[in-house]
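What follows is a single structure, written as structure tokens, with notes after it.
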Amino acid sequence: MRLMSLAVAALGLSLFAALLLAPVPVRATADDQFDAAGTYKTKCIACHGPAADKRFDKALPDDQLVEIVMKGKKPEKPPNMPAYNEKGVTAEQAKSLVDYMKSIKQ
Ligand code: HEC
């Protein structure tokens, strides 16, 4: 009985260690640690510009903007807005990105 629980504990510990050592995918990032500014700079700035001055209408309602970040958008001419939900971005993270874009847009 004792040995059994030791084995279970050892298994649990090694699983825990494996989780700690595994590379952290975007979706495992806790939302409170989500770096909207950093993400914007690496993933979004190329199409939306340093001050979210391109292809971003901040007059649209938040839920619509969040939905576009999650599901993407195909305007008449390329480039398309990619669907970031497929890339592991959560609705909360999409909301932080939208808030960030609003904060930098003049
Ligand atoms: C390959 C270019 C490209 C990249 C990269 C890109 N977007 Fe977009 N985004 C677009 C296009 C194109 C639209 C549609 C604009 C339109 O409707 O004319 C758009 C629309 C949006 C909208 C809705 C605003 C509107 O007025 O329609 C939001 C919000 C948005 N993007 C956020 C983001 C965020 C956040 C990222 C990074 C995680 C990102 N985008 C990365 C091209 C891009």
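Throughout, read-outs are computed from the coordinates displayed, never taken from laboratory work. Remember, predicted model here, so these are calculated numbers, not experimental data. Cβ: placed from backbone, ideal geometry, glycine included. Neighbour counts: every protein chain shown.
Applying the condition of being of a type in the set (S, T, N, Q) and closer than 16 Å to residue 95 by Cα to the range 33-59 and asking which residue is surrounded by the most Cβ atoms within 10 Å (Cβ to Cβ) yields 39.
Within the range 83-105, the residues that satisfy the criterion of being within 8 Å of the chain's Cα centre (by Cα) and hydroxyl-bearing (Ser, Thr, Tyr) are 84, 90.
Taking residues in the range 55-79 that are in contact (Cβ under 8 Å) with a residue 24 or more places away in the chain and farther than 19 Å from residue 104 by Cα, and partners anywhere that are more than 8 Å from the ligand (Cβ to nearest atom) and in a helix (DSSP H, G or I), the pairs with Cβ atoms closer than 7 Å and at least 6 places apart or on different chains are 70/85; 70/91. Selection of first residues in the range 86-103 that are without any contact (Cβ under 8 Å) to a residue 60 or more places away in the chain and of second residues that are of a type outside the set (S, T, N, Q) and within 7 Å of the ligand (Cβ to nearest atom), restricted to Cβ pairs under 6 Å at least 6 apart or on distinct chains, gives the following pairs, ordered by first then second residue: 94/69; 98/65.
Give me the residue from the range 63-86 that is loosely packed, with under 13 Cβ neighbours inside 10 Å and outside any loop (DSSP other than H, G, I, E, B) and, out of that set, nearest to the ligand (Cβ to nearest atom). Among those that are loosely packed, with under 13 Cβ neighbours inside 10 Å and outside any loop (DSSP other than H, G, I, E, B), it is 73.
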